[in-house]
1. Looking only at region B:178-199, how many residues end up being more than 7 Å from chain A (Cβ to nearest Cβ) and not acidic (D, E)?
2. When residues of region B:137-153 are filtered for being surrounded by fewer than 18 Cβ atoms within 10 Å (Cβ to Cβ) and either in contact with a Lys or Arg (Cβ under 8 Å, 6 or more places away or on another chain) or within 17 Å of B:P45 (Cα to Cα) (or both), how many remain?
3. Does B:T158 qualify as being in a helix (DSSP H, G or I) and under 22 Å from B:G102 (Cβ atoms)?
4. Could you tell me how many of the residues in region A:64-82 are touching a residue at least 40 places away in the same chain (Cβ under 8 Å) and hydroxyl-bearing (S, T, Y)?
5. Look through region A:1-22, keep the residues that are of a type outside the set (G, A, S) and within 14 Å of another protein chain (Cβ to nearest Cβ), and return whichever of them is most open to solvent (accessible area, probe 1.4 Å).
6. List every residue pair whose Cβ atoms lie under 7 Å apart, where the two residues are 6 or more positions apart in sequence or sit on different chains, the first residue falls within region A:167-179 and is over 16 Å from A:A95 (Cβ atoms), and the second residue, located anywhere, is modelled with pLDDT of 90 or more and of a type in the set (V, I, T).
Amino acid sequence: MSLQLDFPAVLERWPSFLAGAVLTLELAAFATVLGALLGTLAAVGRGTHNALISGACKAYVETIRNTPLLVQIFLVYFGLASLGLKFSAFAVAVAALTINVGAYTAEIMRAGFEAIPRGQIEAAEGLALSRLQIYWHIILLPAVEKVYPALTSQFVLLMLASSVCSQISAEELTAVANYIQSDTYRAFETYIIVAVLYVILSLVMRAGFWGLGLVLFPRRRRLGTPL
Amino acid sequence: MGGHLNVNHLMFLGQGALWTIGLSVIALIGGGIVGFVIALARISPLKSVRLASAVYVQLVQGTPLLVILFLGYFGLAAIGLKVSPLVAASASLTLYVAAYLGEIWRGCIQSVPKPQWEAAEGLALTRTQRMIKVILPQAIRIATPPTVGFMVQIIKNTSLASVVGFVELMRSGQIVNNSLFEPFAIYAIIAVTYFAMCYPLSLFSQRLERRMGRGRSNLAPA
């Protein structure tokens, strides 16, 4: 039994691979932006004194963090369908990924909020900053700055996890691979190529976040803190 | 539309849940053994070993588990081995878990305070003795909470083994759904079952972390 690999037969499908990779990045981009918003809101909600709101936010975070993404995607997919709502596979995938990454973002942001020294907030109050100003300048921005590395690795993990969306026929990279391998009978070669593409995508995302960090946090850059 | 959910369906789901636990244990043990080797290789005095293990970790952590599962499933078949879904899933999960546990444990080994390493060296312990007698016992203490936390990830990730046809909880849910077609109810049951397996571990990990935090603050140098 010898292993024979025939990469050219699979590589000639490169336009499909490229389209799949682009869709994977689109999924990741939408879910990252929406999930960051949702997660930040959930982290703020969890810190409020209203027991109902903070309880609901805690329940959301714990439920999502303790169930598999695959189950969540199916629940969103069939849940929306049973309500009689029809969405594209892409929209369902974005919704499920957003709900998923929102919970992890909330935990990371909470750690960031807790790391803000109490004295900073008191000082801001002493300077008569409004509540909104305090939240934005003293709590939110420094918290994001502190947890930026953790946030970015979570978003890279999200991009990799989006491969699960192939199971509800969103046409991202893994779904493209499933299709090509069933068409060419060259499964091993196909998945090797796709694995390499994912490694490249994750390196590109890491580099992108690193560059974004340099732009967003000039203080970090000046102090030479690694991002 | 084959009637309603009955005891037989629930028994079948229960069996799937047991396989989920079984596969998780296999992945934890296999990934733990390989991961331990990776952790030691990452801090090896030999540059080539350090580099090779770092490349391994980067490659696995840059690839989705789903693709690794397909690679294991079709790769083992391509080299002429006829393997069951259980073997393919176990092998893939072992490689995947090893990369993550290896990185977690490397961090734990390296976070043992520097004076401990120096003192062990000052007592003329060999590298092996230093590791076994001084560093690892302390590293295990530090490593326990994140390892328990990662067990939650392992349990959740075994759900992906369903795509290579291994009948664990997720796959048994899909099979039951094929006969009943009540997806929302069935996947809700599946979700609750996963939650029941994972949440106690999450709580345990958090408690261990808090206890560690207390111990740490006492040990912290003035």
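The values are calculated or read from the model by the stated rules, or taken from the named source; none is laboratory data. This is a predicted model, so every value here is computed, not measured. In this analysis, Cβ positions are derived from the backbone assuming ideal geometry, glycine residues included, and neighbour counts consider all displayed protein chains. Just so you know, the surface numbers come from the protein's heavy atoms only, side chains and all, with ligands and any DNA or RNA stripped out. Shrake-Rupley method; radii C 1.70, N 1.55, O 1.52, S 1.80 Å.
1. Going residue by residue through region B:178-199, those that are more than 7 Å from chain A (Cβ to nearest Cβ) are B:178-182, B:185-186, B:189, B:192-193, B:196-197.
When the remaining residues are screened for being not acidic (D, E), the result is B:178-181, B:185-186, B:189, B:192-193, B:196-197.
Qualifying residue count for the region: 11.
2. Here the count works out to 0.
3. Working: in a helix (DSSP H, G or I): yes; under 22 Å from B:G102 (Cβ atoms): yes.
Judged against the criteria, B:T158 is a match.
4. Residues flagged as touching a residue at least 40 places away in the same chain (Cβ under 8 Å) and hydroxyl-bearing (S, T, Y) within region A:64-82 amount to 1.
5. The initial filter retains those residues of region A:1-22 that are of a type outside the set (G, A, S), namely A:1, A:3-8, A:10-15, A:17-18, A:22.
Of the ones still in play, those that are also within 14 Å of another protein chain (Cβ to nearest Cβ) are A:1, A:3-7, A:10, A:17.
Details: A:M1: 199, A:L3: 78, A:Q4: 145, A:L5: 76, A:D6: 55, A:F7: 62, A:V10: 0, A:F17: 9 Å².
Looking at the filtered set, the residue picked out is A:M1.
6. As it stands, the answer is A:L173/A:T24; A:L173/A:V194; A:T174/A:V194; A:T174/B:V67; A:A177/A:T190; A:A177/A:V194, since those pairs meet every condition given.
Residues checked against (1) open to solvent by 20 Å² or more (accessible area, probe 1.4 Å); (2) outside any helix (DSSP H, G or I); (3) over 21 Å from A:I108 (Cβ atoms):
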{"residue": "A:L158", "(1), (2), (3)": "no, no, no"}
{"residue": "A:Q167", "(1), (2), (3)": "yes, no, yes"}
{"residue": "A:A175", "(1), (2), (3)": "no, no, yes"}
{"residue": "A:S182", "(1), (2), (3)": "yes, no, yes"}
{"residue": "A:I192", "(1), (2), (3)": "yes, no, yes"}
{"residue": "A:Y198", "(1), (2), (3)": "no, no, yes"}
{"residue": "A:L203", "(1), (2), (3)": "yes, no, yes"}
{"residue": "A:G208", "(1), (2), (3)": "yes, no, no"}
{"residue": "A:V215", "(1), (2), (3)": "yes, no, no"}
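Yes/no matrix, rows are residues, columns are (1) modelled with pLDDT of 90 or more; (2) touching a Phe, Trp or Tyr at 6+ places or on another chain (Cβ under 6 Å); (3) at the interface with another protein chain (Cβ under 9 Å from one of its Cβ atoms); (4) closer than 27 Å to B:L71 by Cα:
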site: A:L129; (1), (2), (3), (4): yes, no, no, no
site: A:I134; (1), (2), (3), (4): yes, no, no, no
site: A:I138; (1), (2), (3), (4): yes, no, no, no
site: A:A150; (1), (2), (3), (4): yes, no, no, no
site: A:V164; (1), (2), (3), (4): yes, no, yes, yes
site: A:E171; (1), (2), (3), (4): no, no, no, yes
site: A:Q181; (1), (2), (3), (4): no, no, yes, yes
site: A:T184; (1), (2), (3), (4): no, no, no, yes
site: A:I192; (1), (2), (3), (4): yes, no, yes, yes
